[in-house]
Amino acid sequence: MKAIIMAGGEGSRLRPLTCGRPKPMVPVLNRPIMVHIVELLKEHGITDIGVTLQYQPEAIRDYFADGEEYGVNLQYFVEDVPLGTAGSVKNAADFLDETFVVISGDALTDLELSRAVEFHKKRGSIATLVLTRVDCPLEYGVVITGKDGKINQFLEKPGWGEVFSDTVNTGIYVLEPEVLAYFAPGQKFDFSQDLFPLLLRNQKPLFGLVLPGYWCDIGNLQQYLGAHHDALSGKVKIKMPGTEILPRVWVEESVSIDSGASIEGPALIGAGCGLSAGVRIEPLTVLGNGCLLQERASIKRSVLWSNVYIGNNTALRGAIVCSRVQVHANSGIYEGAVVGDDSIIQENSLLKPDVKLWPHKLVETGATVQRSLIWGTCSPKKYFGFEGISGIINVEITPEFAAMVGAAFGSISGTGARLAVCSDNYAASLMIKKAVISGLQSTGAAILDLGTGITPMLRYAVRSLECNGGVHAKISHLSPDRVTLVFTDSRGGNISRGTERKVENALAREDFTRTEVSRIIPPVSVQDMPRSYLSETIAGLNTGMLRNARYKLLLSFDRNNLAGFVTGLAEELGFSLENYWPEKAGNKFHGWHFCQEILSSIAFSVVESGFDAGAVLDSNADRLILIDDKGQIIQGDLLTALISLIILKEQKGPVVVPVTAPQTIEALAERYKGRVVRTKTTIQDFLYQILIQEDLGGVSQFSLHFDAFSALVKILDYIAQHRILLSELITEIPSFFTDKKEVPVPWETKGRVIRRLIQEPSSGRLELLDGVKVFHQDGWALVLPDPDKPVCRVFSEGSTMEIAESLTDMYIKKIGDITESIN
C-alpha cells in the first residue's frame, strides 16, 4: 500500500505562522504537522509514501530526508507551477502503481485509514472519499451519499442557502491509479472541483465513508490554537511527546522547573525549557523546545514555539508566539494575538487581542499595539545604552552577536589596532569575552588578553599598554542574567557617541573588515595585570601613614570577582578587613539593588563593632558606597560632594560634576576659592571634561569617579594625612536636599515635551546644558529625557526636602499635562 501526502500548501490564512515556512512545517505539539500524518500512515501499515511539494520544497525535504528516522520510505515530487490537488498527485503517477491513499500534510486527524481502505476494496470503488460531520460546513465540500455509501451529490464550500448536509470531505481519499488517466499531465486539475464531478457524471463507482474520530483542517489561526487545545484535552488519539509527570502534564527531556513554579494541566513543556520561581503554567499551554520563562511569568491557553524568552511578570493569554521571540518584563499579549518569528517585545509593552506581528518586528518599551504590524524589521535604532551594550545573556547578547560586535569595533578601530580585552570572573562573561575576541581577530586587530579583572583595571591597562581601545565583559550590576560590554578609547574612557554610532552602523550593515588568513594575529596573554593595577592604585598615596592608621574596615563585596583585589590592597596598606555578606545571600551573584537593601545593616555593624568605616563595592568596582564611623551612608550626590570637597581643599584644580549634582558644590568651591565645571550626565561627557582638566594640569578625577578601589583608598589617605575621622570630614559639607522621580513619556512625545517646557513662561532662569534645568527662588528642577526608556527623569534640589519634593511633583504634573494634551 502506498500513500501521497499533499504538502505543497503555502498556508496564507495561517500567516504570520507560515511566513518563511510551508504550512506542513508549522508545529503542532512541538513537531511539524506533517510528522503526525507520517506517523498516522505508518500506524496503518503504509510506509511507501510520496510527498508532493510546491512552496519552499527544500524545507520539507531537508527536515524529513528519506524518512528513515520515522520508519518510512519517502519520495518527493516537486511542482514547478501549481497544478491543483489532482494535478500534483498526477505529477507522481510513475510512483503510483497500486491502490493508494491521498492525505493532506497540514491537517490533524486520527481517522481509521485502514477502515477506509477496506471499504474501498469491498465496494470496488475507483475513488473513495473519507467523510466526517461538522457543525459549520461552509468552508468544506459538502457530500450526500446513499445507504451503500455511493456519492449522489456534493458541493464545494456552499453558502447557508446551499447547505444540504453536515457531512463534509476531509481531503483524504483512497484511489485507484486509473483515476489519473482522466486528465493530462501538467494540467491544473482539482479533486473536488474537477475530477470527482467528472467521475460522477461518467457514473464511475465513487463512494464516501463517514468515519468517527477527530479531524481538523487547521485552515486558520483559531483552528490552529483549537487543534492544540483538542490534542491536550485528549480529543485526538495522538502520541504525546515526553513523560506525563502529572495528570495531562507532559514534560520532555532536560527541562528545569524551579520548585516555586506551578503547572496546571493539560500542558506540554518542550525539551530544554527553563521555568523560574513563581512561573505559572495554566491549562491548555504548549511550550516549545528551549523556552526560558523568568520569575512570575504567567502563560495560559497559549502556544509558544521554540527558543522563546519570556521576561519577569509577563502575561500571555490565548496567544501564539513563534520561534526566537523575546517578550521582555512586565509585558502582556492577549487573546488571539500572534507574534511572528524573531520579534522583540520590549519591557512594559502590550499587544491587544487579535493583533498580528509579522516576523522580525520590534515593539519598543512601553508601547501598546492595537493594529497588526506587517512591514518593517526589528533592527534596533541603537545598541548602546548608558554604559555600553547590555542585554540578557544568550537571548539578546549571544556569542554570535558578541562576535559581530567585536568585528564591528575592530573594523572601525582600523586594521592592526591594538586592543585590550578582559572580563569579570563569571562563566557567562568569559564566554562572551572569547566571542568578542574572535570577532576582533577577524578584522586583523592585535588582541591583548588581560584575563579576568574589573572595569577600572581595563581602563588602566589601555593607558599603560598604549592600546587604541579596549572591551570589558561583565555581569550587569542590575541583574545576574544580563551582561554588559564596556568599550573604551585610547585613554580608558568610554568611547564617544560618534564612535558608538559607527559601531552601530557597522552592525546594522554587517559591514565588517575581514583580514587575510595570514594576517590573523593570535591573542597575547598579559600576565599580572591585577598586580600592576593595584600598584598604580596606591602610587602617590602616603602608604606609611595609612599603615600606621591601621584602619579597621567593614566591606561588602563580591568575593567571586573582587577577593584578590581586596586582599591585595589590605596587605599593601595595612587594613584590617571584615567582609559583610548575609548568610542568606549565599555565593550567588547579587546586583546593586541587593547592596542597597543591606546598607542599613552594614551601617549598624560599623557603629556597633567600632569600625573606622564601611564600604560597599559593586562586582566590577565601578560603584562605591561609603559608611562613616557614625553610620552615615555616603552615596550618590553626597559622595560626589565628598570627592569635590577633597579636591577643593587640596587646591588641585576645578571639580567636574554632572548637571544633576547639588548646588552645595558651588558653595564649597566659593569657600575654598575653587571652580566647578558642570557636564552632561552621560559617562562620555563626564569623562571628556575630566580628561580636559587633567590636560590643563588639574588633579586626576578619573579614578575618583570611575574606580571604587581608587576612590576608597584616596579618601582614606586624605583622612589619615589630616588625622581626622571620616564623619568629621563629612560635617564640612553643607546640608542639601535633593529628590528625583521619573514619569512615563512616549518616545514620539519626548521632543515636544522638552520644547513646551522651554517655551512656557518661567519665573526662573533656564539652563539647557542637558535637558531643561529651571532655577527657582528656593531651588531648581531638571527634566531629563531618558536615552534608553520612554520616560523623563525629574531631578530637583530645594532649601528643604519639602521644597525639593514639591518641585519634583510640580514638573511631573506639567509633563503629564503636556503629554495628555498632545495625545
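Taking every DSSP beta bridge that has both ends in the chain, the antiparallel portion is near 45%. Remark: accessible surface ordering of L769, L478 (largest first) is L478, L769, probe radius 1.4 Å.
What separates the Cα centres of segment 769-815 and segment 417-448 is a distance of 41 Å. Helix-only arithmetic for the chain: the sum of -39500 (n - 2.57) across DSSP H runs with n ≥ 4, divided by the residue total, places the mean residue ellipticity at 222 nm at -9000 deg cm²/dmol. Projecting label points 7 angstrom from Cα along Cα→Cβ for S496 and E43 puts them 6.8 nm apart.
Between the beta carbons of K649 and S12, assuming R0 = 60 Å, the FRET efficiency works out to 0.20 to the nearest 0.05.
Residues of segment 420-447 with backbone nitrogen within less than 18 Å of a virtual label 7 Å along the Cα-to-Cβ line of I520, please, listed as ranges. Only 433-447 fall inside the zone, counting backbone N under 18 Å. May I ask you to derive the relative contact order of the chain, considering only C-alpha pairs under 8 Å and at least 6 residues apart, and to give it as an integer percent? Once normalised by length, the contact order is 6 percent. Calculated accessible area for segment 12-156 comes out at 41 Å² per residue, all protein chains present (probe 1.4 Å; ligands, DNA, RNA ignored). Evaluating 6.51 cos²θ - 1.76 cosθ + 1.60 at θ = phi - 60° for every residue in segment 647-663, the Karplus couplings come out as 4, 5, 5, 8, 6, 10, x, x, 9, 9, 9, x, 5, 7, 5, x, 5 Hz, glycine and proline recorded as x. A dipole drawn for the chain from +1 and -1 charges on Cβ atoms has a positive end, and of P662, G540, G226 the residue lying farthest that way is P662. Fully extending the segment from L430 to I692, taken as 0.36 nm per residue of separation minus the present Cα-Cα distance, adds 90.9 nm. Against the set [x] 34.6, 114; [y] 28.6, 93; [z] 27.3, 91, the structure's computed Rg and Dmax of the Cα atoms in Å falls on [x]. The amide H of I627, built 1.01 Å from its N in the peptide plane, has G614, A615, I634 as neighbours under 5 Å, considering only residues 5 or more places off or on other chains. Just the protein heavy atoms count here, and of the accessible area of segment 729-820 at 1.4 Å, carbon and sulfur take up 54 percent. In this structure, the pairs whose alpha-carbon distance is over 22 Å, taken from K502/K750; K773/K814; K434/K680; K649/K741; K235/K300; K474/K630, are K502/K750; K434/K680; K649/K741; K474/K630. Only protein atoms count toward the accessible area here, which uses a 1.4 Å probe; on segment 308-463, the carbon and sulfur part of that area reaches 52 percent. For V677, the accessible surface of its heavy atoms amounts to roughly 20 Å² (probe 1.4 Å, protein chains only, rounded to the nearest 10). DSSP finds beta bridges in segment 330-415, and of those with both partners inside it, around 10 percent are antiparallel.
In this rough spin-label picture, where each label sits 7 Å from Cα along the Cβ direction, the E466-D788 distance is 3.6 nm.
FRET efficiency for the E820 to Q370 pair, using the beta carbon distance and R₀ = 22 Å, is estimated at 0.75. Computed from Cα positions, the angle between helix 599-608 and the longest principal axis of the chain comes to roughly 40 degrees. How high is the FRET efficiency between R61 and D190 when r is their beta carbon distance and R₀ equals 30 Å, given to the nearest 0.05? FRET efficiency, R61 to D190: 0.75. Residues I344, I730, I245, sorted by accessible area with the largest first, give I245, I344, I730 [1.4 Å probe; ligands and nucleic acids excluded]. DSSP assigns beta bridges within segment 534-643; of those with both partners inside it, close to 45 percent run antiparallel.
Placing unit charges on the Cβ atoms only, positive for Lys and Arg and negative for Asp and Glu, gives segment 76-137 a dipole magnitude near 400 debye about its Cα centre. Residue order by solvent-accessible surface for H472, H705 is H705, H472, largest first, with ligands and nucleic acids left out and a 1.4 Å probe.
At the residue level, K434 shows approximately 140 square angstrom of accessible surface with a 1.4 angstrom probe and all protein chains present. Accessible surface for V236 stands near 10 Å², nearest 10, in the context of the full protein assembly shown (1.4 Å probe). Relative to the longest principal axis of the Cα atoms of the chain, the long axis of helix 559-573 makes an angle of roughly 10 degrees. Taking 0.36 nm per residue of separation and subtracting the current Cα-Cα distance, fully stretching the chain between R201 and D94 would add 35.8 nm. Once the 1.4 Å probe is applied to the protein heavy atoms, segment 160-268 comes out at 48 Å² accessible per residue.
Here segment 1-102 is assigned +1 on the Cβ of each Lys and Arg and -1 on the Cβ of each Asp and Glu. Its dipole about the Cα centre then comes out at about 560 debye. Straight Cα distances below 22 angstrom link K147 to the lysines K121, K122, K204, with same-chain residues fewer than 8 positions distant left out. Placing +1 on each Lys and Arg Cβ and -1 on each Asp and Glu Cβ, with no other charges, gives the chain a dipole about its Cα centre of roughly 860 debye.
Projecting the Cα atoms of A428, V517, P746 onto the dipole axis of the chain, where Lys and Arg carry +1 and Asp and Glu carry -1 at the beta carbon, places P746 farthest toward the positive end.
The values are calculated or read from the model by the stated rules, or taken from the named source; none is laboratory data. What you see is a predicted model; the values in this text were computed from it and never measured. Note that we place each Cβ from the backbone using ideal geometry, even for glycine, and neighbour counts take in every protein chain shown. Only protein heavy atoms, including side chains, enter the accessible area calculation; ligands, DNA and RNA are left aside. Shrake-Rupley method; radii C 1.70, N 1.55, O 1.52, S 1.80 Å.
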